[in-house]
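Below is one structure, written out as structure tokens; the observations come after it.
Read the figures in this text as sums done on the coordinates, not as results from a lab. The shown structure was predicted, so the numbers you read here are calculated from the model rather than taken from an experiment. Because the Cβ atoms are built from the backbone with ideal geometry, glycine has one as well, and the counts that use them run over all protein chains shown.
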Amino acid sequence: MNSPLAILCVFVALCSELCAAGPSAAKPNIILILADDISARDLSCYGGPVQMPVLDRLAKQGVQFNNAWSAPLCGPTRAILHTGKYPHHQGYYENAVAPSVAFYDDPRHLPLLRMAKSAGYAAGMFGKMHFGNDAGKYGADVHCVYRYWKGYDGPSHSPDGAREGMYGVSWYWHPGLILNGVGIPTTEEDFGPDIELKQLLTFVEANKNHPFVAYWPCNLPHMERNPATGKFSYTTVPELDANGENTGRKVAGSLRSNLAYFDFLIGRLQTQLQQLGLAENTVIFFAGDNGTADGDKGSYERDYAIRVPFVVSGGPVKQRGESDVLVDFTDIWPTVADLVGYKGTLNTDGHSFTPYLLGEPFTPRSTIQMAMNNARWIRDRDWLLDGCGHFFDLRGATKQADYKDVSESHDPEVVEARKRFDQLLKEIPIPDENDPLTRKAWQKFRKSGDKGKPVNVFVPDYLK
């Protein structure tokens, strides 16, 4: 018969083993933060002028992907994020070209939040809902999003004063927000991103003992539309004192002030995670949805519109700092699927980089790609083919301006690389403008003026 001492020793050993396995064995919480209209090259952690100290710290503590691609515009990026698929597999080729059946109503796709829910996660969505009027269809149990509701008395940002869609309300001062379908009364003193964060923090608190995924697509630093002139400009933001308290005054709108305030909000989120004891088991993704509004957004040139900040940090993520691993937005879906323990079909175009985050053996992608309109981008470690058909040598380049344009070069090394990329293009079909789901959208887009024209893609003479 075992002695009491022996039984006690076994019990202590088992407890120690369980305690050691606890945090790493627990399902990590996931927070996906999506900034609106910000290029990687604008931020300090990427060598840019705009300081975001909280994001800088997250980047140093986790992984800062230096070569991460979104789509060139807001809508297509979000479709890729939620489906894990490129436009040729889901139809979202432009803000103005979307299928008649939305991704959340199309049985061919499983939206990211619904996927996480099927793995036992609570799901929340807070902020910008680009498509549709029901965030519940995305899979969100709790949702606080911008839409008009009967009783909202704030401004519309549509030039004609319309109340439909995402421009039917203010995003910032006196915002139009609904929480689980019920309007939130606001005044001219209320700032939309503050309310987004408040509801996000409430969701985190409510699920502190249950795994959760929180999707926070903040409108910052997207410009707001002046309903009187139709012009866009950066919103003013609340002024903060040295203790982070609101002074009641406002700071003039600029990219810098908008991102400084967004960074402050991310810091508040981090503080709550720490106070609740969740920081060690919560993975934070931060990314931009496309390039900065003044110049980069929507561009077909180089990778100005699609190279965005992308940082993953917290929880089980290993500290790697800056990384040259190639990733694009299709990779987010399978990465989250791995982290949450999803056991269903991985019906995506992406490549999970979860092993890389966890410090495990990992085979990176050799190329990344993107598409918009009839334009296609591809890059590998050394070469880039942009949406205009221009070809660049990236070797030795530390910034986009350093890319060497070799589009018309006949150097054998360049020709060999460009021919290899031409073969890769065959795997990225140009859009079928007669697809029944998108035909009407394409017809309308093509009649919309210069923006609706096909891109004139350069082809070198040796490929003609």
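Summary of values
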{"read-out": "For the chain, the spread of Cα positions along each principal axis, largest first, Å", "value": "86, 58, 46"}
{"read-out": "Protection-proxy order for peptides 312-325, 247-260, 450-463, each taking the mean of Cβ atoms within 10 Å per residue, highest first", "value": "312-325, 247-260, 450-463"}
{"read-out": "Taking the convex hull of Cα positions in the range 254-333, its mean projected area over all directions (nm²)", "value": "6.7"}
{"read-out": "Segment Arg446-Thr187, length gained on full extension (0.36 nm per residue, minus Cα span)", "value": "89.2 nm"}
{"read-out": "Candidate lysines for bridging to Lys318, where Cα separation is under 25 Å - those fewer than 8 sequence places away on the same chain excluded", "value": "Lys27, Lys60, Lys208, Lys343"}
{"read-out": "Under Karplus coefficients 6.51, -1.76 and 1.60, residue-wise ³J(HN,Hα) of the range 109-124 in Hz, glycine/proline x", "value": "10, 10, x, 3, 5, 5, 4, 5, 4, 5, 8, x, 9, 7, 10, x"}
{"read-out": "Formal net charge of residues neighbouring Trp442 (Cβ-Cβ distance under 14 Å; K, R +1; D, E -1)", "value": "+3"}
{"read-out": "Additional length obtainable on full extension of the chain from Leu179 to Leu425, 0.36 nm per residue less Cα span", "value": "84.2 nm"}
{"read-out": "Computed lengthening from Leu358 to Ser44, 0.36 nm per intervening residue step minus Cα-Cα distance", "value": "110.5 nm"}
{"read-out": "Sites Glu239 and Thr271, calculated FRET efficiency, Cβ-Cβ separation with R0 25 Å, nearest 0.05", "value": "0.80"}
{"read-out": "Placed amide H near Ala119: partners under 5 Å, 5+ positions off or other chain", "value": "none"}
{"read-out": "Exposure proxy ranking, count of Cβ atoms within 10 Å, fewest first, for Thr187, Thr398", "value": "Thr398, Thr187"}
{"read-out": "At least 27 Å along the helix axis (C-alpha) and Kyte average at least -0.5, DSSP helices within the chain", "value": "4-25, 255-275"}
{"read-out": "For Leu179, residues with placed amide H under 5 Å, excluding near neighbours", "value": "Ile184"}
